[in-house]
């Protein structure tokens, strides 16, 4: 017997969704929706002003997140969510800018921007959903695909070393680096809340199933099987040296908060430099209050 | 709306085109730029980096042109007027994001200080060989506006025009300078701010409930909102409907892409700027733009001294191409002479528009130095004989 | 009287099984009914065991299920959309 929707209550995350676009396009058992769920709950818990959030995504399955959240959201070009987000933040420092994109988008085509933004410590909250594959385009090898996996562009098995994303962004200078899986819904929410409370470049990697491509081609079952695998294989290693948290095909998944440090963010450094050099002549980094607008309706 | 005085360096200056372009941007209200160094354009953003902190704004040198060309768009959606500056190789890298600006209707300016190409080419020497690329460089069907200054003064004046057109039509505007115009030093008069007209951002006054990010009030250009104002709008490069939501059907594609095209093509009377002289009784019309127009003027003067009936049409707007003007001229002139610092780009547009009704003589040059006026003069003489 | 109550948005469900698996008190099972896309949504088999912890809601990738505490459900002010089929298809 089916329970139909109860009219007296509402899903706590419903206000964060573009309900008129549901159901979304993600596959059964795909973990991206679960990450969005955790994200919405983090927004509730951290009580961030929703009007102040701008969410930027790239291209790919995770890139579609921007279209489903009821926030100022930008679905940009492949790999370039981070520079777009940087521009948003520069023009309006009061924005809380979130970059929500996939492993291929952020670390392959977007790799250069990832490391520079981390180096500069641009105040961005980056959520990297890592399904270890290029899912949207049909399951090609990503820089994060573990060795000996089968993909559509490595039909005989991958042989390239894979990126250890936490190590990469840690080395580049990120101030907050964490990894969770879609099994760790509560910890993920908490990590996102922590990132919101932090100024600087925060990077949260979420390991997520791609049942249609990665899991299927590698005989790992469906989304649920993968969630159970995450539960078994994950080991919380808070504070672990990021060099040690690389992933393998069926091995241990180190999760936790690896890096949480304080460094002045890009705009703080910029302002300090200008004030030191220019003193009173420095008029600040935005003037867009002066971009007067006209009423286009009359 | 009048320009913000903080950005207007009123006075008489002796500066080069690159520097004048920067002042034009500031006068137009640009308060954010994202750039990447490339000869011969770098001075524009170097000056901006030096000026903008004392005007109220910011500059960021990004890690590559791919980043610069999209960071500026983030700046626009964050509330600023923004631009970037580049030359050939960087222009090529920026093409995807020019298309993104066209598709998302992000008002912004891309300055290309053209140099010899292809590839690394002649970094310190002029060409005008990016003209077709400015129009067709990104994939898909879209329209852009391209302006061609021919002096440092125009680098100031027309940069303001570029920003104004960008805001008016919510379109990326290509500002097609060249290395000579960029690096030549001439008198540039910057008027007081209250004499400079600036087009403000077409910001919606609608309520959050009523606002449609890509809905139009019948004028084909939607109203904009900025991030952080509570509108919670969505912007995507995917084919989208009036809500801004992805809607990938042939019907939505047709409606959207045709509107992107028509909003520009229906306004060519206001967008197509040119300078003309003695066209009414001309046998031959010299059509030129940018630095070549300065040399062409000399050749035209030489032809007048010879008693030849030569008219001048200087393209200030290269795109959209002023078809109507050429069609009209082709009815009564014998020939067009088109000198340009390339092996034949805008001349193709002239030929197309003339549609066989007048001959076209291209005076081409592979780039690296301006034309010799004699070459243009000789072409005028030959054209007069046909 | 159960401490919590589950609500299911049938048309959004894709039968991934997360909610069934991760409910700590095994309140749910996939039903034999199906929605318009052909998926078997879950149904509540042990309503009395629901604590309203909302783990089902936290795990659901499709925003198709959530639980509320019984006391909250009684005084919930918001009116949810009845069976939002969603999508602009």
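Computed from the coordinates by the stated procedures, all read-outs in this text should not be read as laboratory data. Computed from a predicted structure; not experimentally measured. Cβ: placed from backbone, ideal geometry, glycine included. Neighbour counts: every protein chain shown.
Averaged over peptide B:196-204, how many Cβ atoms belonging to another chain are found within 10 Å of each residue's Cβ? Provide the component values of the computation, followed by the final result.
On the way: counts 0, 0, 2, 1, 7, 6, 4, 6, 4.
Neighbouring Cβ atoms belonging to other protein chains average 3 per residue here.
Helical runs (DSSP H, four residues minimum) scored at -39500 (n - 2.57) apiece and divided by the length of chain A put the mean residue ellipticity at 222 nm at -8500 deg cm²/dmol. Seen against the Cα atoms of chain A and their longest principal axis, helix A:266-278 is set at about 20 degrees.
Highest mean packing first, where packing is the average number of other Cβ atoms within 10 Å per residue, the peptides B:29-42, A:195-208 line up as B:29-42, A:195-208.
For a modelled paramagnetic label at residue B:64, 7 Å from Cα along Cα-to-Cβ, the residues of segment A:121-152 in reach, with backbone nitrogen under 18 Å, are A:142-144. Using equal-weight Cα scatterers in the Debye expression, the normalised intensity of chain A in log10 at q = 0.07, 0.15, 0.16 Å⁻¹ is -0.28, -1.16, -1.30. Per residue of peptide A:68-79, the mean number of Cβ atoms on other chains within 10 Å of the residue Cβ is 6. Rounded to the nearest 0.05, the FRET efficiency derived from the C-beta distance between residue A:261 and residue C:3 at R0 = 45 Å is 0.60. Among B:136, A:26, B:77, a tally of other beta-carbon atoms within 10 Å of each Cβ gives an order, fewest to most, of B:136, A:26, B:77.
Taking other C-beta atoms within 10 angstrom as a stand-in for reagent exposure, A:232, B:154 fall in the order A:232, B:154, fewest first. Counting only DSSP beta bridges with both residues in the protein assembly as shown, the antiparallel share comes to about 30 percent.
DSSP bridge analysis restricted to segment B:253-386 gives an antiparallel fraction near 25%, rounded to the nearest 5. How tilted is helix B:42-51 with respect to the longest principal axis of chain B? Cα atoms for both, answer in degrees (0 to 90, nearest 10). Tilt of helix B:42-51: around 50 degrees. A simple spin-label model places pseudo-atoms 7 Å from Cα toward Cβ; at residue A:277 and residue A:160 they are separated by 3.9 nm.
What Kirkwood radius, in Å to one decimal, follows from the Cα pairs of the protein assembly as shown? Kindly include the intermediate steps, with their values, before the conclusion.
Working: mean 1/r = 0.0356 Å⁻¹.
Here the Kirkwood hydrodynamic radius works out to 28.1 Å.
With a Förster radius of 51 Å applied to the beta-carbon distance between residue C:70 and residue B:270, the computed FRET efficiency rounds to 0.20.
Based only on other Cβ atoms within 10 Å, what is the fewest-to-most ordering of B:120, B:268, A:212?
The fewest-first ordering by Cβ neighbours comes to B:120, B:268, A:212.
In chain A, Cα pairs under 8 Å separated by at least six residues give a relative contact order of 17 percent. From its DSSP helices (H runs of at least four residues, each -39,500 (n - 2.57)), chain B gives a residue-normalised ellipticity at 222 nm of -11000 deg cm²/dmol.
Once you place label points 7 Å from the Cα toward the Cβ at residue A:94 and residue B:139, how far apart are they in nm? It is 4.0 nm. Highest mobility in the GNM of chain A, judged by mean-square fluctuation with C-alpha springs under 10 Å and restricted to A:187, A:273, A:140, is found for A:273.
When you count the other C-beta atoms within 10 angstrom of each residue and take the mean per peptide, B:337-346, A:112-121, B:193-202, A:15-24 line up highest first as B:337-346, A:112-121, A:15-24, B:193-202.
Inter-chain Cβ neighbour count for C:14-26, averaged per residue, equals 4 (cutoff 10 Å, partner chain atoms only). As a rough guide to protection, the peptides A:262-272, B:125-135 ranked by mean Cβ packing within 10 Å, highest first, stand as B:125-135, A:262-272. What the Cβ-Cβ distance of residue B:355 and residue B:375 gives, at R0 = 22 Å and to the nearest 0.05, is a FRET efficiency of 0.25.
Express as a percent, rounded to the nearest 5, the fraction of DSSP beta bridges in chain B (both residues included) that run antiparallel. Walk me through the numbers on the way to the answer.
On the way: 16 of 51 bridges.
Antiparallel: roughly 30 percent of the beta bridges in chain B.
Compactness check for segment A:61-137: Cα Rg over 2.2 N^0.38 Å is 1.04.
Expressed as cubic angstrom per residue, what is the convex hull volume of the alpha carbon set of segment B:275-385? Provide the component values of the computation, followed by the final result.
Numbers: hull volume 9.4 nm³, N = 111.
So the per-residue hull volume is 84 Å³.
For segment B:275-385, averaging the sequence separation of C-alpha pairs within contact (under 8 Å, six or more residues apart) and dividing by the residue count gives a relative contact order of 33 percent.
On C-alpha positions alone, give me the angle between the axis of helix B:373-385 and the longest principal axis of chain B, in degrees, nearest 10. So the inclination is approximately 70 degrees. Segment A:48-120 and segment B:140-198 have their alpha-carbon centroids 31 Å apart.
For chain B, what D do you get in µm² per second when you plug the Kirkwood radius from alpha-carbon pairs into Stokes-Einstein at 25 °C and 0.890 mPa s? Once the numbers are plugged in, D ends up at 115 µm²/s.
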